[in-house]
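The values are calculated or read from the model by the stated rules, or taken from the named source; none is laboratory data. All values derive from a computational prediction rather than experimental measurement. Reconstructed Cβ throughout: ideal geometry from the backbone, glycine too, with neighbour counts over all protein chains shown. SASA here: full protein model, heavy atoms, side chains in, ligands and nucleic acids out. Shrake-Rupley method; radii C 1.70, N 1.55, O 1.52, S 1.80 Å.
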Amino acid sequence: MSATRVWAKRGVAVLAVWAIALGVGAQQASAVPKVVTKRTLAPGVVYRQITDAAAPYRVYTVGFDPARAATLDTILSASRVGSSARTSAMSSGAGALVGINGDLNDWPGRPTHQYVSDGMVVQTGSRPGVSFGFRRDEQGGSIRFRPLLITARSGQSSMQVSSWNTDAPKTDTVVGYSSYGGNAARPGTNQCSVRLVTPSALRWNSDQVGVGRDYTVEDVRCSSSSAMSVTKGSVILTAKMVGAGASWIEGLQVGQSVNVGWANGMIGAMDIVSGNALILKDGVPQFAPDCNDRLCKPNPRTAIGITAAGRVILLVVDGRSAGSPGMTLAQLGREMKALGALDAMNLDGGGSATMWIKGLGVVNHPTDSTGERPVSNAILILPGSDAGEPSPRAAL
């Protein structure tokens, strides 16, 4: 059941569902929650602001039917990690209909967890997270804990790439760097490295759970005094000076072809954005009302969910005020279920929680004293197709 259908059939039955979801009695909810604002932004894209004085909450939702004339996308605050921008600036600059803040943020201005944009791995992140991946054909998606598996292959030889634009290599491992790493993540000295250039077009894996592309070896070097630089369009694979990773890199020859690809079990996904908690799985809320963990406490929240039919629900909840103290993760999971989600995850919240709507601006009430907080990435709904997203070729 989509968010649109949930609210199209408003009445006593729907209010009873809200009463259960919000933890208030049916009699209290007889006059609330109330849809304060409803606006169709495009075919299949409907925004609603909802208040519940009895709870109390202020909730902002967008229901998105991807079978219609719009596209889900993600955006980084700049061309590489290491900076931040306001959700409103990223959204309006991309010509979006809707924008919400994305993943949690690490210093300096980078998502905390794994992030993939237009089929290219931006980073693996500083810690595991729950990921949302939406199919390129707009026919559904997945929310699950599925770490990226990155592999480099040359002929019959292959090597797992343990991190991307995130960590320095450890013993016997290979790590990767690209231009997305900028100054925040780049190769160092005392490493064996290979620079790969002239990337081919993207190709799907055989089961379309990721993509890869072929590169050509331009340089292989082990050096204690200088680091190999990332040039335009290249990627660097690097390892410690000794160990299995160094042996694999030293076995490569200039001019040789190397395929670098990733997979994470999400069929057809080209954009993957992550959060810190799975709040709804197969229709079952994942946090108990008596959760006392710091993460569970009432706060401003941002969440994304997907229905059984592949429709997407974006949600922001105001917090830290008398009129809307925020939601616990248990309440947030029940809220997403009441709106029709089958699976849902918690994104960055607190002062980062932001929803921007074209023509309305920022519709919620960010809690920082300076207003809307700059963040590292955002989730967008674009009008029409995503012109910047490549179309991978079929697997060989």
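Please compute the net charge surrounding Asp386, taking Lys and Arg as +1 and Asp and Glu as -1 over other residues with Cβ under 13 Å from its Cβ.
-4
Kindly identify the stretch 47-166 as rounded, prolate or oblate by the Cα gyration tensor criterion: order the square roots of the eigenvalues as a ≥ b ≥ c, call it rounded if a/c is under 1.5, otherwise compare a/b with b/c, prolate if a/b is larger, else oblate.
Because a/c hits 1.5 or more and a/b exceeds b/c, the stretch 47-166 counts as prolate.
Please compute the length gained on full extension between Thr370 and Arg393, using 0.36 nm multiplied by the number of residues separating them and subtracting their Cα-Cα distance.
Result for the pair: 3.7 nm of gain on full extension.
For the stretch 200-336, what does the relative contact order come out to in percent, with C-alpha contacts under 8 Å and a separation of six or more?
Contact order relative to length: 21 percent.
Run the dipole for the stretch 291-396 about the Cα centre, Lys and Arg Cβ at +1, Asp and Glu Cβ at -1, nothing else charged, and hand back the magnitude in debye, nearest 20.
It comes to approximately 180 debye.
What full-extension length gain, to one decimal in nm, is calculated for Lys34 and Val197 as 0.36 nm per residue of separation minus the Cα-Cα distance?
Stretched out fully, the Lys34 to Val197 stretch lengthens by 53.0 nm.
List the relative contact order of the stretch 268-396 as a percent without decimals, with contacts defined as Cα pairs under 8 Å and 6+ residues apart.
27
Using a 1.4 Å probe and counting only protein heavy atoms, arrange Ser162, Ser226, Ser234, Ser77 so the residue with the most accessible area comes first.
Ser162, Ser226, Ser77, Ser234
With charges set only on the Cβ (+1 for Lys and Arg, -1 for Asp and Glu), what does the dipole of the chain come to about its Cα centre, in debye to the nearest 20?
With Lys and Arg at +1 and Asp and Glu at -1, about 640 debye.
Cut-off under 19 Å on the C-alpha distance; same-chain residues fewer than 8 positions from Lys170 excluded. Which lysines are left, in chain and number order?
Within reach: Lys240.
Stretch Lys232-Glu250 to full length: gain in nm at 0.36 nm per residue minus the Cα-Cα span?
Stretched fully, the Lys232-Glu250 segment lengthens by 4.2 nm.
Once label points are set 7 Å from the Cα along Cα→Cβ at both Asp172 and Asn190, what is their separation, rounded to one decimal in nm?
With each label placed 7 Å out from Cα toward Cβ, I get 2.0 nm.
Please compute, over every Cα-Cα pair in the chain, the percentage with a separation greater than 38 angstrom.
Value for the chain (Cα pairs over 38 Å): 23 percent.
Out of Ser247, Met345, Gly268, whose Cα points farthest toward the positive end of the dipole of the stretch 234-358 (charges: +1 Lys, Arg; -1 Asp, Glu; placed on Cβ)?
With unit charges placed on the Cβ atoms, the residue in question is Met345.
How high is the relative contact order of the chain, in percent, counting Cα pairs under 8 Å that sit 6 or more residues apart?
Relative contact order for the chain comes out at 25 percent.
Once the other residues with Cβ under 9 Å from the Cβ of Thr71 are scored (Lys, Arg +1; Asp, Glu -1), what is the net sum?
In short, -4.
Excluding Ala96 itself, calculate the net charge of residues whose Cβ lies under 11 Å from the Cβ of Ala96, where each Lys or Arg counts +1 and each Asp or Glu counts -1.
Neighbourhood net charge equals -1.
Exceeding 21 Å between C-alpha atoms, which entries from my cross-link table qualify? They are Lys281/Lys337; Lys281/Lys358; Lys38/Lys281; Lys38/Lys297.
Pairs exceeding the cut-off: Lys281/Lys358; Lys38/Lys281; Lys38/Lys297.
Separation of the stretch 100-151 and the stretch 168-241 by C-alpha centroid, Å?
The stretch 100-151 and the stretch 168-241 have Cα centres spaced 19 Å from each other.
Taking the Cβ-Cβ separation of Gln156 and Asn183 as r and a Förster radius of 41 Å, what is the calculated FRET efficiency to the nearest 0.05?
0.65
From the residues Phe64, Phe134, Thr40, which one has its Cα farthest along the dipole of the stretch 24-144 in the positive direction, the dipole being from +1 and -1 charges on Cβ of Lys/Arg and Asp/Glu about the Cα centre?
Thr40
Could you identify which residue out of Gly251, Gly119, Gly349 has the top mean-square fluctuation in a GNM of the chain using Cα springs shorter than 10 Å?
Of Gly251, Gly119, Gly349, the most mobile in the Gaussian network model is Gly251.
Within the P(r) computed for the stretch 186-252, what percentage of the Cα pairs occupies the region above 19 Å?
39
Could you pull out every one of the aspartates and glutamates with an alpha carbon less than 17 Å from that of Lys34, ignoring same-chain neighbours closer than 8 positions?
Asp52, Asp318, Glu335
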